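First up is the structure itself, then whatever we jot down about it.
The values are calculated or read from the model by the stated rules, or taken from the named source; none is laboratory data. This structure is a prediction, so every number in the text was calculated from the model and none was measured. Note: ideal-geometry Cβ built from the backbone for every residue, glycine included; neighbour counts use all protein chains shown. Just the protein is used for accessible areas: all its heavy atoms, side chains included, with ligands, DNA and RNA removed. Shrake-Rupley method; radii C 1.70, N 1.55, O 1.52, S 1.80 Å.
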Amino acid sequence: MASRDEKQANEEDKLIVSLPKERGWVSPYLYLFQGFWCPSTHIQGVFNFQKNFDAKDSDVIIASFPKSGTTWLKALTFAIVNHKRFPLENHPLLTSNPHQLVPFVELIFRGDIHELISHLSTMNKPRLFGTHIPFPSLPMSIKESNCKIVYIYRNPFDTFISSWSFFNNIRPKSLPTLTIEEAFEMYCKGIIGFGPSWDHMLGYWKESLATPNKILFLKYEDLREDTNFHVKRIAEFLGCPFTEEEESSGMVENIINLCSFEKMKNLEVNKFGIVGGSIEKKYLFRKAEIGDWVNYFSPSMVEKLSKIIENKLSGSGLSF
Ligand code: A3P
């Protein structure tokens, strides 16, 4: 007789086969699952997470659409919530990649989760997790508990170029290359892991308007423009503000420097090795420029994506 896990795996396999599918960016296919495009390798993780995650009020979830500044926000948030715990000269971010310190739930919930569940119950508080899962598909325990979500979004033009460059670097050699034209057509149809990107942003945006104490909605470009202000804002939102003494001792600036693109990109721990199963860490740090898309977009691409974004975000109050 099949065990519960085998039975569940069989049910998931049957479900995957029945889902609409399209060509993927880094995997052969993306599947339309719960209204978003999901790589088959992540469906089980999302399922397990939805069924088994027991959120605690003190949990912090870093949510984002891929390539929107997740690595940076994970680093900043880890440093902020632990600012009384770790001295900066001997900080975990100097020896671990942010994705190791703040794991993606859709990755850690893949496979056998028995050990994971007991590990999660013994983790230091606040527990920090990352996710690219759209808001409607988060587990009920996240929605019903008092845990906090910090969401980062970014100009979709830059997100597209960042995604295309990144996925070109990490795509298995067995898959054909994806030209910028092909990728752009897929992106405009919303076909990209965890996409459509506009649905992703709107889901968290609307929820942040309804529950501003639960979801802090940040823009990558704003965070770049005035990192000091937003670091303090994140600290206050998460209930761990800096004291006057900490501020006057330069702690906020030190955290910003520790997490800066130049500093992180050049750390040995981020230059070599892999994270998340197969991703070479060096590819997480590309240019971090605002507006790099102008070097890639043709006038017709600008027109097409501008119209889509305008149409999708119209009336939402969300803009770039
Ligand atoms: P570019 O590809 O435009 O350079 P994510 O972390 O969600 O995958 O987002 C990746 C983008 O964030 C990349 O943008 C990457 O270079 C940029 N990035 C990575 N670390 C950063 C940091 N510490 N500060 C600012 N941007 C960073």
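Figures for the structure shown
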quantity	calculated
Scan of segment 253-270 for residues that are more than 7 Å from the ligand (Cβ to nearest atom) and touching a residue at least 24 places away in the same chain (Cβ under 8 Å), ordered by number	Glu253, Asn254, Ile255, Ile256, Leu258, Leu267, Val269, Asn270
Those residues of segment 218-249 which are out of contact with any Gly (no Cβ under 6 Å at 6 or more places or on another chain), crowded, with 19+ Cβ neighbours inside 10 Å and closer than 14 Å to Ser68 by Cβ, in sequence order	Leu218, Lys219, Leu223
Some residue of segment 125-140 being within 15 Å of the chain's Cα centre (by Cα), farther than 25 Å from Gly291 by Cβ and open to solvent by 60 Å² or more (accessible area, probe 1.4 Å)	no
Unmet requirement for Ala79, which otherwise passes all of (1) open to solvent by 10 Å² or more (accessible area, probe 1.4 Å); (2) assigned to a helix (DSSP H, G or I); (3) within 15 Å of the ligand (Cβ to nearest atom)	(1)
Odd one out for Asn168, checked against (1) assigned to a helix (DSSP H, G or I); (2) within 16 Å of the ligand (Cβ to nearest atom); (3) in contact (Cβ under 8 Å) with a residue 60 or more places away in the chain; (4) not aliphatic (A, V, I, L, M)	(3)
Residue identified as more than 20 Å from Tyr151 (Cβ to Cβ), over 24 Å from the mean Cα position of the chain (by Cα), part of a loop (DSSP other than H, G, I, E, B) and more than 16 Å from the ligand (Cβ to nearest atom) among Phe242, Phe297	Phe242
Residues satisfying the stated conditions in segment 43-76, i.e. within 15 Å of the ligand (Cβ to nearest atom), farther than 17 Å from Pro126 by Cα and either open to solvent by 10 Å² or more (accessible area, probe 1.4 Å) or assigned to a helix (DSSP H, G or I) (or both)	Pro66, Lys67, Gly69, Thr70, Thr71, Trp72
